[in-house]
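Below: one structure, written as structure tokens.
Quick note: the coordinates plus some simple rules give every number you see, no bench work behind them. All values reported here derive from a predicted model rather than from experimental measurement. No Cβ is skipped: glycine too gets one built from the backbone with ideal geometry, and neighbour counts run over all protein chains shown.
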Amino acid sequence: MNGILCVNKPQDFTSFDVVAKLRGILQMKRLGHGGTLDPMATGVLPVFVGSATKACDIMPDNTKSYRAGFRLGAVSDTQDVWGEVRECSDMAVSREDIEAVIPDFTGKIMQLPPMYSAVQVNGQRLYDLARQGIEVERQAREIEVDSLVLESYDSVSREGVLSIACGKGTYIRTIISDIGEKLGCGGIMTSLVRTSSGGFFLDDCHSFEEIQCARDEGRLEELILPIERVFEKLPKLRLGEAQTRMYRNGVKLDISRLRDIRSGAEQYGVYGFDGGFIGTAFANFETGELCVGKNLG
């Protein structure tokens with residue numbers, strides 16, 4: 001059994017907990033997840049099954065989208081409602097106030113990783129230091145926020161919901177905290193749902209109960225999505241029989257002999273002579289060679 005099983009991650013499970021749970025249900029060890037979700041978050045978690053685990057770290061589409069609940073007028077050590085609230089403010093904030101600062105948090109921006117995060121500094125996880133009450137200097141990193149929309153907001157409770165589409169490495173609770181800081185009142189995240197990840201959506205996802213039921217009824221394969229779904233946005237490169245053998249053996253191919261090569265396109269999804277997806281490759285137009293990216297065949 002090979003492919004991708006999309007899980008609607010429940011709250012209070014880490015991404016590793018999900019993999020451990022599925023190992024028991026699927027009765028197989030070769031599993032990996034695509035994109036860590038914090039324990040308090042729910043939503044889309046693609047799990048790679050069997051030989052598809054080779055593709056965990058090469059997903060070409062790293063965009064993700066979220067619906068995040070927030071509350072203004074508070075600051076916590078974890079930047080969310082699950083942490084210790086350290087500051088409060090009764091400052092009034094209107095919808096117009098929030099929408100006025102949203103442009104400052106879209107596009108390519110610099111973000112300081114929170115102390116409660118898995119980022120490593122000098123070989124130590126920040127969350128391990130934070131739990132000891134230690135705060136260290138961190139370097140801001142460039143992230144990309146494709147869209148940031150205020151879906152709803154109640155000026156009385158100062159609670160609302162943001163819809164966010166962003167790239168890899170973005171901390172949603174930090175965006176909320178930074179917006180609160182910009183407004184002068186503070187802000188914390190109250191909920192987080194990942195609505196998409198790497199081209200997979202909530203409609204693709206299944207609960208543990210649904211997966212268990214499918215296993216008991218002998219229809220697990222129905223829930224497994226093909227690995228090529230991850231690479232469907234890449235231009236397709238179809239190989240002949242001899243070229244397929246060479247590719248699988250890691251041999252560089254002559255670009256001039258490949259009919260599907262496109263001018264300017266560097267990365268490809270590679271399909272063997274039988275039409276099956278077998279991996280990725282990179283075209284080097286300077287040397288005229290096609291180099292194997294990740295061989296999944």
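The tail of the calculated P(r) for segment 1-50 beyond 15 Å holds 34 percent of all Cα-Cα pairs. Taken about its Cα centre, segment 64-195 carries a charge dipole of roughly 500 debye when the Cβ of each Lys and Arg holds +1 and the Cβ of each Asp and Glu holds -1.
Run the helix sum for the chain: -39,500 (n - 2.57) per DSSP H stretch of 4+ residues, divided by residue count, reported at 222 nm to the nearest 500 deg cm²/dmol. Before the final figure, lay out each step's value.
Working: 6 runs with 54 residues, N = 297.
So the helix-based figure for the chain works out to -5000 deg cm²/dmol.
Taking 8 Å as the Cα distance limit and 6 or more residues as the minimum spacing, I'd like the relative contact order of the chain as a percentage.
Details: 611 pairs, mean separation 63.5, N = 297.
Dividing the mean separation by the residue count of the chain yields 21 percent.
Here the dipole of the chain is about 1240 debye; that uses its Cα centre as origin and unit charges on the Cβ of Lys and Arg (positive) and Asp and Glu (negative).
Exposure proxy for 206, 33: other Cβ atoms within 10 Å of each Cβ, ordered fewest to most, give 206, 33. Place +1 on the Cβ of every Lys and Arg and -1 on the Cβ of every Asp and Glu in the chain, take the dipole about the Cα centre, and give the residue among 91, 284, 214 whose Cα lies farthest towards its positive end. Farthest towards the positive end: 284. Taking one quarter of the surface of the convex hull spanned by the alpha-carbon atoms of segment 64-195 gives a direction-averaged projected area of 7.6 nm².
Taking mean projected area of the Cα convex hull in nm² as calculated from this structure, the corresponding entry among [x] 18.6; [y] 13.8; [z] 15.0 is [x]. Taking packing as the residue-averaged number of other Cβ atoms within 10 angstrom, the listed peptides 270-276, 165-171, 227-233 run from highest to lowest as 227-233, 165-171, 270-276.
Selection among 200, 134, 230 by position relative to the dipole of the chain gives 230 as farthest towards the positive end (Cβ unit charges, Cα centre). Counting only whole DSSP H helices of the chain, there are none at least 30 Å long by C-alpha along their axis and with mean Kyte-Doolittle hydropathy no lower than 1.6.
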